[in-house]
Amino acid sequence: MRKVTAKEFTGTRAWDALDIENIEGATVRLHWTDAPYKWHVNDGPEVFVVLDGAVDMHTRRNGREEIWRLAVGDVFHAESGDEHVAHPDGPARVLVIEKAGSV
C-alpha cells in the first residue's frame, strides 16, 4: 500500500511519470509536465485526468482541430485512433490510464 500526493510529484523533464500500477495490460501513471506533448494516436483507449493545473487538449477529426480546456477534476477520454495532443497551461499533473506501451 502507498499514498501518492499528486501535488508533491515533480519530474525533471516534461512528461516524467510515476508508474503507479499495471492492471491487466493497462498502465496507471502520474505525469508531471510544463510543456506540450506531441500529436499522437493511441492504439487503444486513453483516460486523461487533470489532478493539478490546467491543460488544453487539442484534437483533430476530419481535418478540423478543436481545443478542450481541462481543469482540475476534468476527465478526457480518447478512443483508439483519436488524434490529440496535450498542452499544459503552466505546470500540471495528470493521471493517464492507457494500454501499456502506448505512445
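Each other residue within a Cβ distance under 9 Å of Glu46 adds +1 if Lys or Arg and -1 if Asp or Glu, for a net charge of -2.
The smallest convex shape that holds all Cα atoms of the chain, its convex hull, gives 94 Å³ per residue.
The GluC sites (Glu not before Pro) of the stretch 28-86 meeting both criteria, a DSSP state outside H, G, I, E and B (loop) and at most 13 other C-beta atoms within 10 angstrom of the site's C-beta, are Glu79. Spacing of the modelled spin labels on Asp19 and Glu79, each 7 Å from Cα toward Cβ, amounts to 3.1 nm. The mean sequence distance of close C-alpha pairs (under 8 Å, at least 6 residues apart), as a share of the length of the chain, puts its relative contact order at 35 percent. In terms of packing, defined here as the mean over residues of other Cβ atoms within 10 angstrom, the peptides 90-102, 21-33 line up highest first as 90-102, 21-33. For Lys38, go through the lysines and keep the ones whose alpha-carbon is under 23 Å away, minus same-chain ones fewer than eight residues off. Straight-line reach from Lys38, under 23 Å: Lys99.
Read-outs: derived from the displayed coordinates by stated rules, not from any lab. These numbers come from a predicted model, not from an experiment. When we count neighbours, we look across all protein chains shown, and the Cβ atoms used for this are built from the backbone with ideal geometry, even at glycine.
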